[in-house]
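The values are calculated or read from the model by the stated rules, or taken from the named source; none is laboratory data. All figures in this text were calculated on a predicted structure; none of them were measured in a lab. Counting neighbours? That spans all protein chains shown, and the Cβs are built from the backbone with ideal geometry, glycine included.
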Amino acid sequence: MEATVANTQDMAGRVVLITGAGALPGRGMGRAISQALGRRGAAIVAVDIDPLAAAETAAQLEDEGISSLALEADVTDPSAIRRVKEAALAEFGKVDVLINHAGFGAYNSLTETDDALWDRMLALNLTGPFLMSREFMPHMLERGSGVIICTVSAAGLAGGRAGIGYTAAKHGLVGLIKNIAFVYGSRGIRCVGVAPGYTRSGNAPQIATSDSETAQLLDAVVAAGPRQGTPQELAEAFAFLASDQASYINGTILPVDGGWTAI
């Protein structure tokens with residue numbers, strides 16, 4: 001019983017900033033991550049490009065007695081990111097954990113991808129985490145500690161059928177994570193990634209036209225059986241990696257995909 005109580009408060013006193021934390025339909029994963037960490041004692045800075053979505057997540061957290069702050073920001077805009085940092089530090093005085101969750105998926109092939117879509121895929125899925133991490137790194141270095149967690153994707157570990165822009169960006173994100181981990185690990189900073197598989201979320205690809213087709217596909221690629229993961233299952237991985245229990249895990253990409261990348 002004592003271990004259970006300790007685990008529920010293993011983030012007490014920490015401040016966690018999550019991008020893509022909106023709680024409107026199709027954004028269940030960001031909300032679930034916010035709740036998982038908030039229920040472990042962390043204060044949450046919920047950032048989303050949609051201010052109503054961020055506010056809804058914050059309101060749900062406050063209803064549970066979790067300290068929270070809702071902020072609007074486009075993570076591809078450096079000036080917006082600076083405002084986020086200033087607001088978060090003004091409210092809580094620090095940010096212990098940065099979760100780069102905001103992302104966007106489009107499942108277009110090479111010949112279906114125009115310049116605008118390519119640029120958008122890289123901007124949101126790769127440049128955004130780069131800008132956020134760069135903005136908060138000096139603060140973490142000054143404090144001598146910090147954790148950065150990025151939402152990768154099974155598409156960042158393999159090719160598969162995800163869109164070319166999305167796949168390329170997520171592969172690049174893996175490189176970003178590993179470089180940050182190696183360069184700043186000796187100064188108290190950890191940088192890791194979570195690679196979801198086919199999860200019941202608004203960013204999941206529409207890969208089949210009927211339930212039977214979906215079941216057949218998932219049965220073929222998911223070792224756990226023909227089902228999708230849930231946002232709550234993914235959130236537990238983020239909560240673990242953010243905690244001191246994962247203090248010796250750095251530069252690692254953790255697949256949470258039911259065995260998708262085991263094939």
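For the stretch 61-76, filtering for residues that are farther than 27 Å from Leu176 by Cβ and either surrounded by 18 or more Cβ atoms within 10 Å (Cβ to Cβ) or modelled with pLDDT under 95 (or both) leaves 3. I'd like to know if the stretch 122-130 contains one or more residues that are closer than 17 Å to His171 by Cα, at pLDDT below 95, hydrophobic (A, V, I, L, M, F, W, C) and in contact with a helix residue (DSSP H, G or I) (Cβ under 9 Å, 6 or more places away or on another chain). No, there is no match, as no residue in the stretch 122-130 is closer than 17 Å to His171 by Cα, at pLDDT below 95, hydrophobic (A, V, I, L, M, F, W, C) and in contact with a helix residue (DSSP H, G or I) (Cβ under 9 Å, 6 or more places away or on another chain). Taking the criterion of being touching a residue at least 12 places away in the same chain (Cβ under 8 Å) and part of a loop (DSSP other than H, G, I, E, B), the residues of the stretch 128-174 that qualify are Gly144, Ser145, Val152, Ser153, Leu157, Ala158, Arg161, Ala162, Gly163.
Take the stretch 175-192 and flag every residue that is surrounded by fewer than 19 Cβ atoms within 10 Å (Cβ to Cβ) and touching a residue at least 60 places away in the same chain (Cβ under 8 Å). Once the filter is applied, which keeps residues that are surrounded by fewer than 19 Cβ atoms within 10 Å (Cβ to Cβ) and touching a residue at least 60 places away in the same chain (Cβ under 8 Å), the stretch 175-192 yields Lys178, Phe182, Gly185. Take the stretch 77-108 and flag every residue that is within 28 Å of Tyr198 (Cα to Cα) and buried (at least 21 other Cβ atoms within 10 Å of the Cβ). Selection gives Val97, Leu98, Ile99, Asn100, His101, Ala102, Gly103, Gly105.
Would you confirm, using the coordinates I've provided, whether Glu2 is surrounded by fewer than 24 Cβ atoms within 10 Å (Cβ to Cβ), acidic (Asp, Glu) and modelled with pLDDT of 95 or more? No; evaluated as a whole, the condition is false for this residue. Within the stretch 104-124, being touching a residue at least 24 places away in the same chain (Cβ under 8 Å) and part of a loop (DSSP other than H, G, I, E, B) holds for Phe104, Gly105, Ala106, Tyr107, Asn108, Ser109, Thr113. Any residue in the stretch 188-199 that is within 22 Å of Ala42 (Cβ to Cβ), basic (Lys, Arg) and at pLDDT 55 or above? Within the stretch 188-199, one or more residues are within 22 Å of Ala42 (Cβ to Cβ), basic (Lys, Arg) and at pLDDT 55 or above. Hey, any hits in the stretch 9-22 for a residue that's surrounded by fewer than 16 Cβ atoms within 10 Å (Cβ to Cβ), modelled with pLDDT under 95, outside any strand (DSSP E or B) and within 17 Å of the chain's Cα centre (by Cα)? No - not one qualifying residue is present in the stretch 9-22.
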